[in-house]
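Quick notes on the structure that follows.
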Amino acid sequence: MTESLPVARAVDHGFAKLMPDVDRKRAWLLTVDGAPQSYVDLDEPTHLEFEYARRLGHVLDLVADPGQPLDLLHLGGGALTLPRYVAATRPGSRQHVVEADQGLLELVVEHLPLPDGSGIALHAADARTWLEGAPSDSADVLVADVFGGSRVPAHLTSVGYAREAGRVLRDGGVYLANLADAAPFAFLRSQLATLGTVFEELALIAEPGVLRGRRFGNAVVVAARHPLDTAALARRTAADAFPARVEHGDALRTFTGVARPVRDEDAVPSPEPPDGAFGIG
């Protein structure tokens, strides 16, 4: 394959494109049905192009001492941006990636191969099903970045799912989720209420414009059973090219308001993004 040429292929759950970045020699953008999914620089795996990915990266940097290997479970694979990031910043980490779209995994591994000895194991499976079969107390970090098209599937939004995530995480573990919503934030508030049934500590990272209801956008939710270093996280996210706010404690409880935890029988997917919210090409 000539590296300057795009790759396009029908995968199990849509039409995927890998498009080269003209400004970075071995960097690629993955889209599925026109929605950006991942950005990977094979020469510089610590480069996180998307704003939400940088926010997830900040949390991953702060969950343990720099360079300390961790056991991670990623629900949702994309082009494996964050697993590559962890392999580079925390060598020796053991990572499992669960991606429902086997065709997408095959496309990514073929054209954007993982480095030898990366410690990344790939599994083509439904995220909730795999999670329910995973050993208890087996992960230091669980990253949920699952989108069916542009929406988080309903079965990954309920108390039953949150309990499984809590079971798989060790006591000092951290849960991370990339979610998307817009004012009045019914979905995001319900997710905070749902995770709050399992995790005592919650934090929300989002761009101020999204929190003020100006536009649809991503929000990163952080959940744990132990206090989070929200001050360090706030410093890092505020210093980004696109600064974000960290909400926690009383302010986050006020934001969540009277939202109720989601039962499996009531679960719905995250809202459909408005036209053009995330589209490329």
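Annotation: Arg236 fulfils all but one of (1) more than 19 Å from Arg189 (Cα to Cα); (2) in a loop (DSSP other than H, G, I, E, B); (3) open to solvent by 30 Å² or more (accessible area, probe 1.4 Å); the unmet one is (2).
When Ser270, Ser158, Ser190 are screened for being modelled with pLDDT under 95 and either under 18 Å from Leu60 (Cβ atoms) or surrounded by 19 or more Cβ atoms within 10 Å (Cβ to Cβ) (or both), only Ser270 passes.
When Ser136, Ser118 are checked against the criterion of being hydroxyl-bearing (Ser, Thr, Tyr) and over 29 Å from Ala244 (Cβ atoms), Ser136 stands alone in meeting it. Each residue in segment 170-185 was checked for being over 17 Å from Glu247 (Cα atoms) and not in a strand (DSSP E or B), and 0 of them qualify. A single member of Ala206, Ala224, Ala232 is touching a strand residue (DSSP E or B) at 6+ places or on another chain (Cβ under 8 Å), under 24 Å from Leu70 (Cα atoms) and touching a residue at least 24 places away in the same chain (Cβ under 8 Å), and it is Ala224. Residue count for segment 1-48, restricted to those that are in contact (Cβ under 8 Å) with a residue 40 or more places away in the chain and assigned to a strand (DSSP E or B): 20.
For segment 139-147, does any single residue satisfy the condition of being out of contact with any Leu (no Cβ under 6 Å at 6 or more places or on another chain), farther than 17 Å from Phe255 by Cα, open to solvent by 10 Å² or more (accessible area, probe 1.4 Å) and free of Cβ contacts under 8 Å to residues at least 12 places away in the same chain? No, segment 139-147 has no match at all. Number of residues in segment 196-233 that are open to solvent by less than 20 Å² (accessible area, probe 1.4 Å), at pLDDT below 95 and of a type outside the set (A, V, I, L, M) equals 2. Of all the listed residues (Arg84, Arg128, Arg54, Arg90), the sole one being open to solvent by less than 60 Å² (accessible area, probe 1.4 Å) and touching a helix residue (DSSP H, G or I) at 6+ places or on another chain (Cβ under 6 Å) is Arg128.
Only residues that are surrounded by fewer than 20 Cβ atoms within 10 Å (Cβ to Cβ) and not aliphatic (A, V, I, L, M) were counted across segment 21-38, and they come to 8. If the condition is being under 20 Å from the mean Cα position of the chain (by Cα) and among the aliphatic types (A, V, I, L, M), then segment 212-231 contributes Ala219, Val220, Val221, Val222, Ala223, Ala224, Leu228. Taken together, Phe216, Phe242, Phe185 contain a single residue that is touching a residue at least 40 places away in the same chain (Cβ under 8 Å) and farther than 30 Å from Phe15 by Cβ, which is Phe185.
Do we find that Ser136 is open to solvent by 20 Å² or more (accessible area, probe 1.4 Å), of a type in the set (Ser, Thr, Tyr) and over 17 Å from Glu99 (Cα atoms) in this structure? When the stated conditions are applied, Ser136 passes them.
The values are calculated or read from the model by the stated rules, or taken from the named source; none is laboratory data. Only a predicted model underlies this, so the values are computations on that prediction, with no experimental measurement involved. Note that each Cβ is placed from the backbone with ideal geometry, even for glycine, and that neighbours are counted across all protein chains shown. SASA here: full protein model, heavy atoms, side chains in, ligands and nucleic acids out. Shrake-Rupley method; radii C 1.70, N 1.55, O 1.52, S 1.80 Å.
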